[in-house]
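Working notes, structure below.
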Amino acid sequence: MAKDARGRVVTICVMYYAQIMPQTTGMGGPSHREITYLGSEFFGFPIWQDGTIQIGSRQIRCSLAYNLMSDELLVKLQNSETIQKVTPEAFTIGSNRFVWDGTKGKGNRYYLVLNDGPTRLLKTFKCQLKAAVTNNGYTNSKEEEFDGHYEIQEQYYIKKGSAAPESVYLTRKSVLAALGDQAEKVLHELPRRKLTEEQVIQALSHYNSPAQ
């Protein structure tokens with residue numbers, strides 16, 4: 001993974017023809033070619049970033065790589081190049097804190113926490129690799145120079161206390177429905193147009209405040 005001259009994150013893979021077409025080995029043609037995808041399956045850039053993992057009451061500093069496609073966390077402890085796959089209770093990458101939540105029973109295990117308090121806005125990421133689409137020999141994709149791109153979809157949740165995270169859209173109706181009986185506390189905090197993360201976080205700050 002690197003950045004190109006325009007500052008875009010790209011992933012470069014090497015495809016060896018002998019691996020997919022053994023019959024071509026030794027025929028004098030090229031033995032491999034590079035395949036370039038726009039984006040990455042990892043959270044942030046570069047792949048390895050400083051952070052911490054939480055195991056019980058311990059916070060352990062390390063280098064982390066969070067794979068959004070597999071929802072797996074790779075770790076290198078300080079002064080070590082050994083890569084380990086771990087499933088801590090929580091981890092941080094920079095200022096981003098992720099927590100594990102098993103109450104949902106399926107889907108992503110790790111949620112990015114967007115605010116503090118008993119009722120929180122969470123976010124997950126789903127990553128897919130999309131091959132470039134061609135038509136009559138020409139690439140339809142606006143990213144013509146790439147063999148494909150990583151598509152990242154974001155999903156939001158509201159988690160109330162120890163309840164399972166509830167999937168929401170960033171709309172007034174969806175957020176109010178997730179908040180339930182006390183939704184009137186934030187009724188006037190949420191505009192009717194499509195919401196931003198910041199607007200929902202501000203509303204939840206008001207929601208989490210003790211009653212005046």
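The values are calculated or read from the model by the stated rules, or taken from the named source; none is laboratory data. Keep in mind that what you see is a predicted model, and the values were worked out from it rather than measured. All Cβ positions, even for glycine, are placed from backbone atoms using ideal geometry, and neighbour counts span all protein chains on display. The accessibility values were calculated without ligands, DNA or RNA, using every heavy atom of the protein model including side chains. Shrake-Rupley method; radii C 1.70, N 1.55, O 1.52, S 1.80 Å.
Just order 189-199, 59-69, 79-89, 172-182 by mean Cβ neighbour count inside 10 Å, highest at the front, would you?
Output ranking for 189-199, 59-69, 79-89, 172-182: 59-69, 172-182, 189-199, 79-89.
Could you name the aspartates and glutamates whose alpha carbon sits less than 17 Å from that of Lys126, not counting residues in the same chain fewer than 8 places away?
Hits, sequence-local ones excluded: Glu41, Asp71, Glu72, Asp101, Glu151, Glu154, Glu166.
As an exercise, use a Förster radius of 25 Å and the Cβ-Cβ distance of Lys126 and Arg8 to find the FRET efficiency, rounded to the nearest 0.05. Can you show the working numbers first?
Working: r = 21 Å, r/R0 = 0.83.
So, using R0 = 25 Å, E works out to roughly 0.75.
With a 1.4 Å probe and all protein chains kept in place, how do Tyr169, Tyr156 rank by accessible area, largest first? Mind showing how you got there, number by number?
On the way: Tyr169 160, Tyr156 30 Å².
Accessible-area ranking of Tyr169, Tyr156, largest first: Tyr169, Tyr156.
So how far apart, in nm, are the two label points at Val133 and Thr52 if each is 7 Å from Cα heading toward Cβ?
The answer from the label model is 4.5 nm.
How do Asp116, Asp71, Asp50 rank by accessible surface area computed with a 1.4 Å probe, from largest to smallest?
Highest to lowest solvent-accessible surface, that is Asp116, Asp50, Asp71.
Would you calculate the separation in nanometres between label points at Glu89 and Arg109, each defined as 7 Å from the Cα along the Cα-to-beta-carbon direction?
1.5
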